Amino acid sequence: MNVRLLPSNLQSYAIKECKEDPSRVPEDVAHIREWLTKQPHLKTRTDDQWILRFLRGCKFSLDKTKEKLNNFYTLRSALPEFFANRDPYLPKIQQILQLGAILPIDVPEGPKVLLHRTTNIDPSQVLLIDVIKVWSMIADIMLNEDDHGAIYGYRIIIDLDTLNANHLLQATPIVTKKITVISKDSIQSLCEHVPISALPVEYGGCGETLEELTVKWKHKVESYKEWFLEEATYGCDESKRISESYTPSDSFGINGSFRKLNID
């Protein structure tokens, strides 16, 4: 299989928390790839690493992985305002990248941190819908290459220090799994969620500066230009959708993820 090898600490955590059995991974990846080829309405990436990322996110439940992949690509086509025209060099995307509105922060262990800042975002000039688009681009990059986040998960921190009524006028309900709302007056509280060694200097930590993080992630997103152009060719064609093409027998008898057990 063509996948990245995990450091020993990540592999141990994946086995314990994600129910990953390294000896069974090739079989599971092949099962999901075969299922994808039988979905006439879906056009998706099918490389080993991409499929493995979804398996880990679903704790290797085959049915949940199929559901998540189906939903992932269905939403891509259903919400073009978020997922279409994601050229990193478009002026509106460049503007948000230069502001450093969304900054992933590496941590030594535990959930990876995603810092969302309202600082310098003028809601009269920057649309929330475009901020969400950049969110989706950075999320896709991490989905593609961030094994740490795939296994430990993510903690989203929203700095509302400069939030005002104009920001709220654009806000719509967005469901996130873990959100910590902070301001710069609650650094002590922030350190309870992010190691001080990783926290940006401007937040009282010893990590990279916000400028360094902004430049790094601007360049990272720009380097994905061709990847995003290719990603635009994937999605869901509702005219070809049929009823669920997999049956309980696909999951070895009944719904769920049942496989042959390896018993010593």
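The values are calculated or read from the model by the stated rules, or taken from the named source; none is laboratory data. On a predicted model such as this, the values are computed, not experimentally measured, just so you know. Don't worry about glycine lacking a Cβ; one is built from the backbone with ideal geometry, like all the others, and counts go over all protein chains shown. Side chains included, ligands, DNA and RNA excluded: accessible areas come from the protein's heavy atoms. Shrake-Rupley method; radii C 1.70, N 1.55, O 1.52, S 1.80 Å.
Between Arg4 and Leu75, residue separation times 0.36 nm minus the direct Cα-Cα distance comes to 22.8 nm.
Amide H contacts under 5 Å for Val107: Val113, restricted to partners 5 or more places along the chain or on a different chain, H placed in the peptide plane at 1.01 Å from N. Here each label is just a point 7 Å from Cα along the line to Cβ, and for Glu211 and Leu143 those points are 3.4 nm apart. What separates the Cα centres of the range 43-62 and the range 80-158 is a distance of 22 Å. Counted residue by residue at 0.36 nm each, then reduced by the alpha carbon distance between them, the extension gain from Gln11 to Gln49 reaches 12.2 nm. Expressed per residue, the C-alpha convex hull volume of the range 29-165 stands at 126 Å³. Counting only protein heavy atoms and using a 1.4 Å probe, the accessible area of Ile242 comes to about 100 Å². For the cross-link pairs Lys38/Lys68; Lys68/Lys225; Lys66/Lys225; Lys43/Lys225, the ones whose C-alpha atoms lie over 18 Å apart are Lys68/Lys225; Lys66/Lys225; Lys43/Lys225. Within the assembled protein chains, the solvent-accessible surface assigned to Phe83 is about 50 Å², based on a 1.4 Å probe. Fully extending the segment from Ser23 to Val201 would add 59.8 nm, taking 0.36 nm per residue of separation and subtracting the current Cα-Cα distance. Its Cα centre serving as origin, the range 78-122 has a Cβ charge dipole (Lys and Arg +1, Asp and Glu -1) of approximately 40 debye.
Where a ≥ b ≥ c are the square roots of the eigenvalues of the C-alpha gyration tensor, would you call the range 1-110 rounded, which needs a/c under 1.5, or, failing that, prolate if a/b is larger than b/c, or oblate? Show your work: numbers first, answer last.
Details: a/c = 2.52, a/b = 1.28, b/c = 1.97.
Oblate shape, in that a/c is at least 1.5 and b/c is the bigger or equal ratio.
Solvent-accessible area of His219, all protein chains in place: 110 Å² (probe radius 1.4 Å, heavy atoms, ligands and nucleic acids excluded).
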